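Working notes, beginning with the structure itself.
Laboratory data are not the source of any read-out in this text; all were calculated from the coordinates shown. What you see is a predicted model, and the numbers here were worked out from it, not measured in a lab. Cβ placement follows ideal geometry from the backbone for every residue including glycine, while neighbour counts extend to all protein chains displayed.
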Amino acid sequence: MSKGFYFDTYALIEIRKGNNRYLPYTKDVDIILNNLNLMELTFYLIRTDKEKDVQDSFSELSKNNTDYDKAILIEASRMKFKYKKEKLSFVDCIGYCLAKRHKVKFLTGDEKFRHKENVEFVK
């Protein structure tokens, strides 16, 4: 593997949709995410009548799960408070903080992260 990224749920969904801009991030890349991203991806799959893909998605992606501790939860809470006007989700804040901890970029197309540091923004 040559490079690592923290895959935000936005990125996971865009890859599932076949967004070609995410193609470079599907090969020779270390993927980091957490179970909350898998939960959000599962919700997307259920909502879009692709519930049959849930088990395969979990099997495929759960090996990339990274846990978080209370320090990440505190840091994520501080981030959510700092950007309270942007109404960031807790899941996104946790992921962003995990990306920083693991020294990888936060891969997303979420406009709220477009100009934040340590973000690989792909629309």
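Report whether or not Y22 is out of contact with any Phe, Trp or Tyr (no Cβ under 7 Å at 6 or more places or on another chain), buried (at least 18 other Cβ atoms within 10 Å of the Cβ) and of a type in the set (S, T, Y). Considered against the rule, which asks whether it is out of contact with any Phe, Trp or Tyr (no Cβ under 7 Å at 6 or more places or on another chain), buried (at least 18 other Cβ atoms within 10 Å of the Cβ) and of a type in the set (S, T, Y), Y22 comes out as yes.
Residue-by-condition table, conditions (1) in contact (Cβ under 8 Å) with a residue 40 or more places away in the chain; (2) under 17 Å from the mean Cα position of the chain (by Cα):
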position: A71; (1), (2): no, no
position: F81; (1), (2): no, no
position: K84; (1), (2): no, no
position: A99; (1), (2): yes, yes
position: K112; (1), (2): no, yes
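Just one of (1) more than 22 Å from E120 (Cβ to Cβ); (2) of a type in the set (D, E); (3) in contact with a helix residue (DSSP H, G or I) (Cβ under 8 Å, 6 or more places away or on another chain) fails for D69. It is (3). Taking the criterion of being farther than 17 Å from D53 by Cβ and out of contact with any helix residue (DSSP H, G or I) (no Cβ under 8 Å at 6 or more places or on another chain), the residues of the stretch 1-29 that qualify are M1, S2, K3, G4, Y10, N20, L23, P24, K27, D28, V29.
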